[in-house]
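The values are calculated or read from the model by the stated rules, or taken from the named source; none is laboratory data. Note that the structure is a prediction, hence the values are computed from the model and not measured. Cβ coordinates were reconstructed from backbone atoms using ideal geometry, including for glycine residues, and neighbour counts include every protein chain displayed.
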Amino acid sequence: MSKSPAAAKRGIPSKENFKEWYPFMVEAAELVDKRYPIKGMDVWRPYGWKTMRLIDNLTHDEMERTDHEEVNFPLLIPEDLLDKENKLVSLLKKAREAGVDPSELRLEDDVEGFAKEVYWIKHAGETKLDKPMFLRPTSETAMYTMFPLWIRSHADLPLKTYQIVNTFRYETKQTRSFIRVREIHFFEAHTAHVDEDDATRQINEDLEIVKNLMEKLNFPVIVTKRPVWDTFPGAWYTIAIDVIMPDGRTLQVASVHHYRDQWAKAFDVKYEDDSGDQKYVHQTTYGMSERLLGATVATHGDDKGLIMPPSIAPIQVVIVPILSKDGSEEIISAANQMVKELKLEKIRVKLDDRDIRPGQKYYDWEIKGVPLRIELGPRDLKSNSFMCARRTGEKSSYNLQELISSVRKELDLVNEHMKERAKSHFNQHIKKMPKVEITGSTISLEQKLEDGFVYEMAFEGNDAEAEMIEKETGFSLLGESTSPYSEKRKCVVTGKPTHNKVFLAKTY
């Protein structure tokens, strides 16, 4: 699909060239300004920040619905807490690799972790700090230092907290707005529970929250339990949520970790049960970031610009008056009345009364992805009607007396179109894995994997076979789907019947 003449005239790259289209679009739509003099730290412009805040609002609503309580922890964390986390993560990683219980190893055996990824604070003014600090890369250490002070007995559980903050990581790879940045707009939920079963119930609730949020953002996702080697070492297991981007690569937009009692033992987070015994809590985390906005831009945009889901569109409806020499005041008056009525119904609306041609206005709002445009001209007013133009391409005329119901109907139709389009993209970019033959250390595929696709397969093989497939194909194993096959299928390697559905992809 070549880009339209209008898009070409405005210098918009074709979305087929995603590497050029994406960075152009996030700035042309005025989401961010990348000219700030620190790599990977973009300036949020009003339109982009409002969009992100509307995504946050959806998250806040889900947190309130599920009885989470919002907290806000300091940005700075002392160095000794990083050492504590690094030792714990190294210990758990070593125990996993050795196939032993972490309690069989010493905590001081090795130290690795976030040290090379964090931003350090070593001076206050001209004074060198006795205890260096760092900007949070995530908040386990800060929060779990406080949890023992908040949790005393089983009556304090479950403890369900969350915060939306900025986190910082020294990203050395190529940065991309929203996708790979050094200052991250981050949501994190941290919970503590009486036992493993209660923590597992929390994981299931988190996945329900993910489903609700992705439904409102209008894109389907791949939900997988990450393989052991791709699980955060501090977690018992990790479930990740991935979006298929326009180029067929996947972008992880959220993750859920089940920690069991591993962190509780390191941070001494205990509670007294109803028998008076001291027990360690079991913990979970759930994280998302501004990647949700990046995925929204990438999934729904086209050669004309963004297409914003109505749920997060800063402007859901723009009204463009079509003025003539006679009756302009009457048209502007009617347009202002429409704005007033829509605002009373909590519909986010803007009147574009700029003194420029209507065509220029259309282009401007198309590139920002406003879901619905209302056109009101002399003929419309004379017939007591108005014209609706959906950002997804369709036009309809309605009676002015049906303004609210018509706008709601049109926004629903935009939603439906976006969902269907995203679903079609999703399905078109998943292929069945060709048969794999492994003999000793030799591997062969029935056919070579193509870039631009995610591969689905029935897989009952072992970790060594999975590693061989990754090395041979250059694709990464996303892990085992949380929605297995309803009927058993033959494993692509062993031929054994299995319900396990596994995905392979190239990732961001």
Checklist (1) buried (at least 17 other Cβ atoms within 10 Å of the Cβ); (2) in contact with a helix residue (DSSP H, G or I) (Cβ under 9 Å, 6 or more places away or on another chain) applied to Ala335, failing item: (2)
Where Lys216 falls short, out of the listed (1) under 15 Å from Ala295 (Cα atoms); (2) free of Cβ contacts under 8 Å to residues at least 12 places away in the same chain: (2)
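Conditions tested, residue by residue: (1) assigned to a strand (DSSP E or B); (2) at pLDDT 95 or above.
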| residue | (1), (2) |
| --- | --- |
| Ala464 | no, no |
| Met468 | no, no |
| Lys471 | no, no |
| Leu477 | yes, yes |
| Pro484 | no, yes |
| Glu487 | no, yes |
| Val492 | no, no |
| Val502 | yes, yes |
Qualifying positions in the range 435-451 - surrounded by 14 or more Cβ atoms within 10 Å (Cβ to Cβ) and part of a loop (DSSP other than H, G, I, E, B): Lys435, Leu449
Which listed residue is among the charged types (D, E, K, R) and closer than 22 Å to Asn86 by Cα, from Arg291, Arg260: Arg260
Thr238 being modelled with pLDDT of 95 or more and in the same structural domain as Val281 (by TED's automatic domain parsing): yes
Odd one out for Glu196, checked against (1) under 19 Å from Asp156 (Cβ atoms); (2) crowded, with 21+ Cβ neighbours inside 10 Å: (2)
Residue ID - surrounded by the most Cβ atoms within 10 Å (Cβ to Cβ), chosen from residues in the range 35-49 that are assigned to a loop (DSSP other than H, G, I, E, B), under 19 Å from the mean Cα position of the chain (by Cα) and at negative phi: Asp42
Hits in the range 414-433 - residues which are of a type in the set (A, V, I, L, M, F, W, C), under 13 Å from Ile244 (Cα atoms) and crowded, with 17+ Cβ neighbours inside 10 Å: Ala422, Phe426
Restricting the range 483-505 to residues that are surrounded by fewer than 16 Cβ atoms within 10 Å (Cβ to Cβ) and among the hydroxyl-bearing types (Ser, Thr, Tyr), the residue that is nearest to Ile239 (Cα to Cα): Ser483
Residue within the range 276-296 that is over 30 Å from Ile244 (Cβ atoms), of a type in the set (Gly, Ala, Ser) and either without any contact (Cβ under 8 Å) to a residue 40 or more places away in the chain or not assigned by TED's automatic domain parsing to the domain that holds Ile374 (or both) present: yes
Those residues of the range 236-267 which are under 13 Å from Thr200 (Cβ atoms) and either of a type in the set (A, V, I, L, M) or in a strand (DSSP E or B) (or both), in sequence order: Tyr237, Ile239, Val256, His257, His258, Tyr259, Arg260
Enumeration of residues in the range 198-229 that are under 22 Å from Thr507 (Cβ atoms), assigned to a helix (DSSP H, G or I), over 12 Å from the mean Cα position of the chain (by Cα) and of a type in the set (Val, Ile, Thr): Val228
Pairs, first within 19 Å of Val165 (Cα to Cα) in the range 143-154, second not hydrophobic (A, V, I, L, M, F, W, C), C-beta under 7 Å, six or more apart: Met143/His190
Some residue of the range 193-206 being within 30 Å of Leu413 (Cβ to Cβ) and among the polar types (S, T, N, Q): no
Residue match in the range 421-444 (condition: at pLDDT 95 or above, at negative phi and either over 31 Å from the mean Cα position of the chain (by Cα) or acidic (Asp, Glu) (or both)): no
Some residue of the range 403-410 being over 19 Å from Glu341 (Cα atoms) and either in the same structural domain as Glu215 (by TED's automatic domain parsing) or outside any loop (DSSP other than H, G, I, E, B) (or both): no
Identity of the residue in the range 142-167, more than 23 Å from the chain's Cα centre (by Cα) and of a type in the set (D, E, K, R), that ends up surrounded by the most Cβ atoms within 10 Å (Cβ to Cβ): Asp156
Residue list for the range 15-34, filter: outside any helix (DSSP H, G or I) and surrounded by 20 or more Cβ atoms within 10 Å (Cβ to Cβ): Lys15, Ala29, Leu31, Val32
